[in-house]
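Remarks on the structure that follows.
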């Protein structure tokens, strides 16, 4: 993968629709991708997706589906009318759910990339042990990544710390999307497995999901521009 192909996705995790609109106006055409997660989608629904689309953005809908296979597949059918380019589901949903969702997405939204979430970037080794997983973080990520790959999934969500492990063993067609990106000097917040944008780019990320370092800045547009220059 060429480093120049690494793109930034702005995580549009904000308190209200007015703020979302303001942020989109601020960044203009500096980037084309936005992520809409649970907070924004449950509050604003398809209206926010339409607004982003009308403003020229590609949309990553990050709902992290996790349920029984039939329910997950039906949820994907329910999303089919939305103009989204990527959606997420938890890889730990299991092989049947992953395969069912991948096939359903191919049928009802063939242009949309299905991403399997491995281990959340807010989780560390202690957190894994606390929920009964006795593998190391790296082992668990590899296990879930292989499970997702075998289902024919289009991409994976992982922390930047696993990029150098996953990129060499995956086809280039499998996209690697990584949150946990923190530019130098940014607050870490609740993220535990992090990396700066340039190092994540070098490690093989296709997409960097960045929210608070941009949204919390006094000038979000300038903060975004600084990151973009770092990736040039």
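Since every read-out is calculated from the coordinates, none of them should be taken as a lab result. Here the structure is a predicted model, which is why all the values come from computation and not from measurement.
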Q. Based on DSSP H runs of at least 4 residues, each adding -39500 (n - 2.57), what is the mean residue ellipticity at 222 nm of the chain after dividing by all its residues, to the nearest 500 deg cm²/dmol?
A. -12000 deg cm²/dmol
Q.
Which residue fluctuates most in the GNM of the chain (Cα springs below 10 Å): 49, 68, 27?
A. 68
(Q) If the elastic network links every pair of Cα atoms under 10 Å, which of 123, 195, 109 fluctuates the most in the Gaussian network model of the chain? (A) 123
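Quote the relative contact order of the chain in percent (integer), defining contacts as alpha-carbon pairs under 8 Å separated by 6+ residues.
20 percent
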Q: Can you give me the P(r) profile for the chain? Cα pairs, bins 10 angstrom wide beginning at 0, each as a whole percent.
A: 8, 33, 38, 19, 1
